[in-house]
Structures are given as C-alpha cells and as structure tokens.
C-alpha cells in the first residue's frame, strides 16, 4: 500500500459512489490545501530557527516513526492530511448535499435545493380506488356516483296552466369530480355526449341567511346547465355549504317502451303521484311495486345514455402548461339485477335506516 496520504485518500474515494467529477474536485482542493500548508510550515520552521526554538517531531501516520528527526513541514502536512481525508469521507457518507456545504465545492446541489414535484393530476374518485389506465376500470360507491334527484311527468304549459305536453324525465346524478395532484392551478371539466349536461347549482344567499327556513316564494337555489365549467384547484371543498354542486343531468322525453312503462305505472293505482295516508296497505304495496318497475326502466335508460358519454378533464398547472384525461362511466354487468334488488328493499326498512346502495357503475380512464 502506498504511504502517500493523497494516494490513500484517492483509494478511499474509489469506493465511494458519487458523481465522477467529485473526487477530482476534492483532490484539487486537497492539493491546494497541502500547498498552503507547506508554505505555512516552512515559514514556521524558519521562524523557529531564527528564534532558537525547536518543535517536537510528530509520528508518521503511514510508516513507523524514524529515528531521524522528521521535519516540521512533513509532520504538519501529514497530520493535517489525515484530518482532511477523514472529514471528507465522513461528509461523503452523509450525501452530496453535506459534501457541497462542508467543502464549499461549486456547482453541487445544496440540501435545501429539493427537486420540485412534477406536474400531475388525477380524478380522486378514480385514484382513491387505486385505478390506473393499465389496471382498467374501478367501481364507484354511492358516495362517488349516485342518483340524487329525479322527477317524471307531463311537460307544464305556463300559458294554459296545464300539462298537455309529452312525459319528460329529469334525472340528476351526483359525481365526485374532486381532483388531486401536484402544482394544479385550475381544472376544466367537459361533458361530451348526447342528452347529458352538467347541472350546476348553488344555494342562494337568502336561503343560507334564513337558516333553512326561507319565505314562501323565495328562491332556494340558482342553477344553470352547461357542457363545461372551470374551478380553481383550491375551491374543491365538498363539505362547504355554499359550494357549487356539479351534477350529471339527463332530460329526455319518454317514448316507446319507456312511455309504456309510465302508462302502466299510472294505471296501477288510483294515486298517480305518491301514496296517500288514506291508502290501504295493499294499495301502498301495489304502488311501490309499480314504482320500482318504472324506476328500473328509467335507470336502464339512464345507463345507456351515461355509458355513451365521456368526461374530459383538463388541468392547468402553475407554470401555464396543461394536461388532459378522459373518463367513461359504464354500468356494471349485473346492473339490472343489482338495481332491482335495491329497489325491492328500499321501502322494507323501518324508516330509520336506508338499505345499502349497490355498486352500479364503474369509472375508466380511456383514450381521448
């Protein structure tokens, strides 16, 4: 093994996995330090001879101490080199950030220069289920996607104050559109498909100020329907009472088998809208059965429309760049059976609990 401290230090550097340029820079710093040490020690030695003082020789760190007196320059050089080499290897073991700070080397990343997270985003309802395009669709719970509001009946004519129009169904599905990711500034949603749109509504300030007891005739909500909308990334609080709700809305005229199901529903009971308190148990049971049958028809109609639609989500990042993902909702394979079972049991509880809502839809990321 070489007795030269620089050779030993370079050997230790050989076993350290760092960028290729770093050992050369360290050695360059070491040689510069040694040159300075030589000059300093030589000056000190001259000073000792001039004043008549002597220095105690230091033992060699790489060879047995010789009987002859080692020069002060050599002793100082070798002892300082040992300390420098040990210190350098210590900070190298701690990482490049520590090396750059301890040695003052230019061009190296400091410990505070953590690489910024890359731009990214994902629909939370999809990502929370562990979904990725490679893994295919994920199932959606009722918290992520479910029917929230529905109404069916003849179209109202305000001029005649009557309902002469066709039978129209209006259906609104809540969809968790919350997104998560890195460096997102805003998110734009676009719904593509026939017969679908976003229904955006928000409780009015008058309603919020009334503590839920508005005066008769006052508006409860403001709403509009559109195929696209944009939200700020930080305005996605689903729990805020004054937030804007975004639903997937379907409006269609009942025709063919759908209209036939409506007529059968109306003919099944003398009470065409809702059960009355004066109805017998048999009448209520008949109404419930007819209602379930009709709702199943509408649910299947909705599934056909929804499965043909796409949701395109575009994230705009803080640096001005954008990225888009496209999603598709689809009914599960056993949709009819699962929904029929739920409908048959929804009125069988004592009213204090609601039956578990079934998994009816999957969500899949698809090519745009």
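No value in this document is a laboratory result; all are computed from the given coordinates. Fair warning: this is a prediction, and the values are worked out from it, not measured in the lab. Cβ placement follows ideal geometry from the backbone for every residue including glycine, while neighbour counts extend to all protein chains displayed.
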Original post:
So how far, in whole Å, is the C-alpha centre of the range 226-250 from the one of the range 286-351?
Top reply: 19
Original post:
Can you sort 234, 246 by how many other beta carbons sit within 10 Å, fewest first?
Top reply: 234, 246
Original post:
Quick one: 297, 244, fewest Cβ neighbours within 10 Å first, how do they rank?
Top reply: 244, 297
Original post:
What is the fewest-to-most order of 316, 345, 280 by other Cβ atoms lying within 10 Å of their Cβ?
Top reply: 280, 345, 316
Original post:
Given just the C-alpha atoms of the range 120-366, how large is their convex hull per residue in cubic angstrom?
Top reply: 172
Original post:
Quick one: what do you get for the range 153-259 if you divide its Cα Rg by 2.2 N^0.38 Å?
Top reply: 1.35
